[in-house]
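The values are calculated or read from the model by the stated rules, or taken from the named source; none is laboratory data. All values derive from a computational prediction rather than experimental measurement. We place every Cβ from the backbone using ideal geometry, glycine too, and count neighbours over all the protein chains shown.
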Amino acid sequence: MAYPYVSDREVRVLSEHFGDPEARTLEGARKRGRYVALKKALGMGPDEVTEVVKASGLRGRGGAGFPTGLKWSFMPKEPTKPHYLCCNADESEPGTFKDRELLRWDPHLVIEGCLIASHAIRATHCYIYCRGEFFEASSVLARAVEDAYEAGLAGKDILGSGVDIDVTVHVGAGAYICGEETGLMNSLEGGRGQPRVKPPFPAAVGAFGMPTTVNNVETLAAVPGILSNGPDWYRQWGTDKSAGTKLFCVSGHVRKPGNYELPLGFPLMDLIDDVCGGVRDGNALKAVIPGGSSVPILSAEECGACTLCYEGVVAAGSMLGCASVIVMDETTDMVKQVRRMAAFYAHESCGQCTPCREGSAWVTKILKRIEDGRGTEEDLDTLLEVTTQMTGTTICVLSDSVAAPVHSSIQKFRDEYLALIRRGERVGAA
Amino acid sequence: MSAEIPFKNPGWAGNTGEFDLTEEQVRGADFVGRRPLEGGHPAGASSYPYMLEEKAPEAALFEGPHLERFEKILTRYPDKRAALLPALNLAQEVRGHVSPDSMRRVAELLDLPEAYVRGVATFYTMYNKRPVGRYLVQVCTNISCNLCGADEVLDAFLRYTDTELGETSDDGLFTVIEAECLAACGFPTCVQINSRYFENIAPEDVPSVLERLRAEAEGAA
């Protein structure tokens, strides 16, 4: 046994060295093959690197699942001004805890991915935007960056290739919305982390007004392996539309919660029952949120046929998001948990758009009223109406993220809301 | 967190009893305990755990090693404004919170309007707008931790420190607040105390956590 829990069904590509302190040092990392792919990539042209990543089918691991190679190809080919890469390490989606583990266990893998991606998009500076709470992770990472500079792996003339790439660890200060790519750029520039209207897209006008690409930590961590072993190696896992392996963050009512790296397309119930040792205390499964708290909730029946790939979870009625599987058993007070999720978004709304600012606050108040036993049946209709109005009407998708769990929970667990409204009956209440 | 192996690896996700690593091995020697003041990396913009310095109110915000770090930070960005968040982080590290006076001084250092700095500082939750206790206890009560009983852990912290939510205990040691997801959902309940993560905390672990912190504070005094 190693790392908190492991399963023999895992394919540990990114998480291979979790739990191994030696991999955190530069020497240990190089012994484990880090920076070999960088040398190879620097010997190739930027567009060649992009083509390899395109062919691998790698999709963004931050939630949206946009093809990574395609995103890189939007960057100007003849740079007339500085290009930037932002590595999004502002991991704040409730239920997600993979990037922190990557940063603290394998910082050199992340740095290598950043350098290769920077080369591919002709960026001269890579900012790793780390969330402020990650003191330990950002310290480990900053030290790894320092070591990389000393070894000539970052900075001027990397490995004698003539390519210059600076790497800076930038630490945020506690705002969920800075995980949104344009909010991240505003925050990096020293502003409030309020998202920008798109277009212009970051590849045209991004950080400091320059062409910019923003990629998630896990996306960038997958890049060195693809460069070393080729796109076909990566495509041996996953499905046609969702290639490769993915870190699944499992939390909530399972016996063995934790990070598990599995090929995409893995059956959800196998993850819960086999990999994670089943629902705690032998309880029955009630619901699962498959992609972090901003996606629709799946009822236990819907989980049965769900496979964990981008298209599979959509077919089941939700989204893969960042693959944060939150498991709830039969003792879960759904109204309370949905209210807690809504309260989070009300707290984190940046306040720019009215549907989100007002909507998230009022949804939370109404849910609190229902939870306290003062709700009415009309409240449920109001919630459905408000959450519909909150979907697709704002600059970023934070508003949609409030709407998804609230709307889906009322549709799927209406009886529970009604029992609370009509008779004050609560699930899990002593 | 099981009772038999208290705090062998404080704040580390692996604290499940299956590990035999020391804090030093996990964090690196210089991450244990008090950080050397000379800290700082060529990568510049990193922030270090809070460290309250005894400073005269009229003294300059950044002096000596802090000033060096601030100047290093400035070299990492194409414009001065981008150094605002790292500068506020540094100011909080020096003073323990970001007062209106610190905001004004940061504004002067970066040639920004004071009101702009105020607007940014108040947007972010990690800047303490008023002094907090020696230990800022942030209990995650978001969904994953909540499913596993985070509310009871929060209650236990409030009960054993004898404070109200957001208030500082009479001895000046503890301020207990609720936190949003700390990205340690697989190890509930996660509690961030200053820069450290304490994971797999159950209500019954709370007295020993507080005892340990009290002993630490006494040792440092």
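Points to keep in mind about this one:
- Failed item in (1) over 21 Å from residue B:118 (Cα atoms); (2) within 9 Å of chain B (Cβ to nearest Cβ); (3) surrounded by fewer than 24 Cβ atoms within 10 Å (Cβ to Cβ), with residue A:194 passing the rest: (1)
- Within region A:8-25, residues that are without any contact (Cβ under 8 Å) to a residue 60 or more places away in the chain sit with their Cβ atoms under 9 Å from residues that are of a type in the set (S, T, N, Q) and not in a loop (DSSP other than H, G, I, E, B), at 6+ positions apart or across chains, in these pairs: A:21/B:25.
- The one condition in (1) part of a loop (DSSP other than H, G, I, E, B); (2) under 25 Å from residue B:145 (Cα atoms); (3) more than 20 Å from the chain's Cα centre (by Cα) that residue A:361 fails to fulfil: (1)
- Taking region A:356-412 as the range and being surrounded by fewer than 19 Cβ atoms within 10 Å (Cβ to Cβ), without any contact (Cβ under 8 Å) to a residue 60 or more places away in the chain and more than 19 Å from residue A:335 (Cα to Cα) as the test, the residues that pass are A:357, A:358, A:389, A:391, A:392, A:393.
- Residues located in region A:139-165, provided they are more than 11 Å from chain B (Cβ to nearest Cβ), within 17 Å of residue B:77 (Cα to Cα) and touching a residue at least 40 places away in the same chain (Cβ under 8 Å): A:164, A:165
- Flag for residue A:316 being of a type outside the set (Phe, Trp, Tyr), surrounded by 17 or more Cβ atoms within 10 Å (Cβ to Cβ), in contact with an Asp or Glu (Cβ under 6 Å, 6 or more places away or on another chain) and closer than 27 Å to residue B:148 by Cβ: yes
- Flag for residue A:281 being within 13 Å of chain B (Cβ to nearest Cβ), at pLDDT below 95, surrounded by fewer than 24 Cβ atoms within 10 Å (Cβ to Cβ) and more than 22 Å from the chain's Cα centre (by Cα): yes
- Checking residue A:92 against (1) of a type in the set (Ser, Thr, Tyr); (2) under 22 Å from residue A:178 (Cβ atoms); (3) more than 11 Å from chain B (Cβ to nearest Cβ); (4) touching a helix residue (DSSP H, G or I) at 6+ places or on another chain (Cβ under 8 Å), the condition it does not meet: (3)
- All positions within region B:186-221 that are acidic (Asp, Glu) and farther than 18 Å from residue B:152 by Cα: B:211, B:216, B:218
- For residue B:77: the one exception among (1) more than 23 Å from the chain's Cα centre (by Cα); (2) within 12 Å of chain A (Cβ to nearest Cβ); (3) surrounded by fewer than 21 Cβ atoms within 10 Å (Cβ to Cβ): (3)
- Among residues that are on the phi < 0 side of the Ramachandran plot and out of contact with any Phe, Trp or Tyr (no Cβ under 7 Å at 6 or more places or on another chain), residue A:160 is not included.
- Wholly within region A:166-247, helices (runs of 4 or more DSSP H) carrying at least 3 residues that are within 30 Å of residue A:271 (Cβ to Cβ) and either in contact with a Pro (Cβ under 7 Å, 6 or more places away or on another chain) or in contact (Cβ under 8 Å) with a residue 12 or more places away in the chain (or both): A:217-229, A:231-235
- Of the residues in region B:193-214, at least one is surrounded by fewer than 18 Cβ atoms within 10 Å (Cβ to Cβ) and of a type in the set (Ser, Thr, Tyr).
- Helices (runs of 4 or more DSSP H) contained in region A:65-154 and holding at least 2 residues more than 30 Å from residue B:146 (Cα to Cα): A:68-73, A:107-120, A:135-150
- Residues of region B:106-121 satisfying the condition of being farther than 18 Å from residue B:67 by Cβ, of a type in the set (Gly, Ala, Ser) and more than 10 Å from chain A (Cβ to nearest Cβ): B:115
- Yes/no for residue A:77 being more than 14 Å from chain B (Cβ to nearest Cβ), out of contact with any Asp or Glu (no Cβ under 9 Å at 6 or more places or on another chain) and within 30 Å of residue A:197 (Cα to Cα): no
- Residue-level analysis places residue A:338 among those that are at pLDDT 95 or above, within 14 Å of chain B (Cβ to nearest Cβ) and either crowded, with 23+ Cβ neighbours inside 10 Å or closer than 30 Å to residue A:56 by Cα (or both).
- When residue B:129 is tested against (1) modelled with pLDDT under 95; (2) farther than 30 Å from residue B:187 by Cα; (3) assigned to a loop (DSSP other than H, G, I, E, B), only condition (2) is not met.
- Residue satisfying all of: in region A:30-84; hydroxyl-bearing (Ser, Thr, Tyr) and surrounded by 16 or more Cβ atoms within 10 Å (Cβ to Cβ); farthest from the chain's Cα centre (by Cα) among these: A:35
Results for (1) modelled with pLDDT of 95 or more; (2) of a type in the set (A, V, I, L, M); (3) part of a loop (DSSP other than H, G, I, E, B); (4) in contact with a strand residue (DSSP E or B) (Cβ under 8 Å, 6 or more places away or on another chain), shown as yes or no for each residue.
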residue: A:387; (1), (2), (3), (4): yes, no, no, no
residue: A:406; (1), (2), (3), (4): yes, yes, no, no
residue: A:411; (1), (2), (3), (4): yes, no, no, no
residue: A:429; (1), (2), (3), (4): no, yes, yes, no
